[in-house]
Amino acid sequence: MYQPRVGDTLAALDTPALLVDLDLMERNIATMQERLRESNARIRPHLKTAKCPEIARLLVATGAIGGCVSKVSEAEVMAQAGIEDLLITSEIVGVPKLDRLSQLVQKHRQVKVVVDSLEGAAALNQAMERVQQPLDILIEVDVGQHRCGVQPGEAALQLARQLATFSFLRLRGVQGYEGHLQHIANASERERLCRQSMGLLTATVADLRAAGFPCEIVTTGGTGTAEICASYPAVTEVQPGSFIFMDTDYQHALGPVYASALTVLATVISRPAAQRAIVDAGLKSLSTDSGMAQPKGLPGVRYSHFGDEHGLLEWSDGETAGATARTMQIGERLELVPSHCDTTINLHDTYYAHRHGRIEAIWLIAARGKVQ
Ligand SMILES: Cc1ncc(COP(=O)(O)O)c(C=O)c1O
């Protein structure tokens, strides 16, 4: 039976396989900590990226205060795995979700949620009243992304006043995520716009506090902006997710701050022409919402998906893959760096975490497919 084990080399793995380079991942975590060293903000990493309890535990062991998740079903997985301080960063709407949430919160009282409407709050309150359990709430404020969130200032204050009328909701603070800025390649422009967003967020926090509403949690930021957000004393925590792995899309925007720690190992299965090779990793192994994956260490070689299960490697006339010291023979293996880590990880069951090619851990991606 196929059963790769800790201690095996990567040669023991069937492909496609999702690899984590542990040296690089650990370096990324240390880099984020270093970049936040001067601030009081803690890291609440967004676990929707890794979707893996072992990685969540590792992040907590290295100083994270808990985690963010996007969905109730992800929160169920992480809470079950012992990550208690969880923030669900998407609005929770609909009876099935509300029922699941109320059951979860009965056992795991540190699960917190965001809200941006009176209707949403009323439904949450009703669900929690049924189980007679209070729920910690953060008001989501739109700081420029224009996804969810009430408008900063008066609209947030108004929602805070409305929340105060619900007996099972406890206002704990605000979330204001500036997701539209994370991938801006021009660093000073990213910082300028982030400071605008943080201006909106911190002014709203000041308004809420002045009106007597508690705001002990002020949560924001992602991989591209964490240290800018954290430089504001009002910000208590940041929510980066991708920094542990990175991907080519983020790498293009941020440069070499964090290393590409995540790859998909693939095998050349056919060599139909001199400048073409076919690998066993297609759409079902590598997401394409942010473009194509990039062959690692093969600068002249382009990857594109060639259907669900196949991928195409091409290199220009006159060049050969051999110019990069590779012959691309049938059976040869190569690593592909995903263009978007979150959506690629969600395609796989398992991480093979290795150091210098020796497998050190095999981790189940327990929250993959948990989109409810
Ligand atoms: C609410 C929220 N916070 C934080 C993040 C983390 O972002 P990143 O993976 O870019 O660090 C995301 C990502 O989409 C998000 O939606």
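Descriptive notes on the structure:
- Filtering the range 106-127 to residues that are within 20 Å of residue 79 (Cβ to Cβ) and either surrounded by fewer than 23 Cβ atoms within 10 Å (Cβ to Cβ) or within 16 Å of the ligand (Cβ to nearest atom) (or both) leaves 106, 107, 108, 109, 110, 111, 112, 113, 114, 115, 127.
- The range 352-365, residues that are surrounded by fewer than 20 Cβ atoms within 10 Å (Cβ to Cβ) and either outside any strand (DSSP E or B) or among the β-branched types (Val, Ile, Thr) (or both): 356, 357, 362
- Residue tally, condition among the aliphatic types (A, V, I, L, M) and within 10 Å of residue 169 (Cβ to Cβ), over the range 100-134: 6
- Per-region count, the range 249-275, residues away from the ligand (no atom under 16 Å from the Cβ), over 25 Å from residue 358 (Cβ atoms) and outside any loop (DSSP other than H, G, I, E, B): 5
- Test for residue 279: is it farther than 23 Å from residue 40 by Cβ and buried (at least 23 other Cβ atoms within 10 Å of the Cβ): yes
- Any hit, the range 82-103, residues being under 22 Å from the mean Cα position of the chain (by Cα), assigned to a loop (DSSP other than H, G, I, E, B) and touching a residue at least 60 places away in the same chain (Cβ under 8 Å): yes
- Number of the condition not met by residue 20 [criteria: (1) over 17 Å from residue 371 (Cβ atoms); (2) part of a helix (DSSP H, G or I)]: (2)
- Every listed requirement among (1) without any contact (Cβ under 8 Å) to a residue 24 or more places away in the chain; (2) away from the ligand (no atom under 16 Å from the Cβ); (3) among the aliphatic types (A, V, I, L, M) is met by residue 17 save one, (1).
- In the set (1) out of contact with any Gly (no Cβ under 8 Å at 6 or more places or on another chain); (2) within 12 Å of the ligand (Cβ to nearest atom); (3) assigned to a helix (DSSP H, G or I), residue 246 fails one condition alone, (3).
- Any hit, the range 233-242, residues being surrounded by 17 or more Cβ atoms within 10 Å (Cβ to Cβ), of a type in the set (S, T, N, Q) and more than 15 Å from the ligand (Cβ to nearest atom): no
- For the range 319-338, the candidate set comprises residues that are in a loop (DSSP other than H, G, I, E, B) and of a type in the set (Val, Ile, Thr); within that set, the residue that is modelled with the highest pLDDT is 330.
- Against the criterion of being at pLDDT below 95 and either away from the ligand (no atom under 15 Å from the Cβ) or assigned to a helix (DSSP H, G or I) (or both), residue 190 does not qualify.
- Here the condition is being crowded, with 19+ Cβ neighbours inside 10 Å and under 28 Å from residue 48 (Cβ atoms); of 289, 342, 308, 349, it holds for 342 alone.
The values are calculated or read from the model by the stated rules, or taken from the named source; none is laboratory data. Remember, it's a predicted structure, so these values are computed and weren't measured experimentally. Cβ: placed from backbone, ideal geometry, glycine included. Neighbour counts: every protein chain shown.
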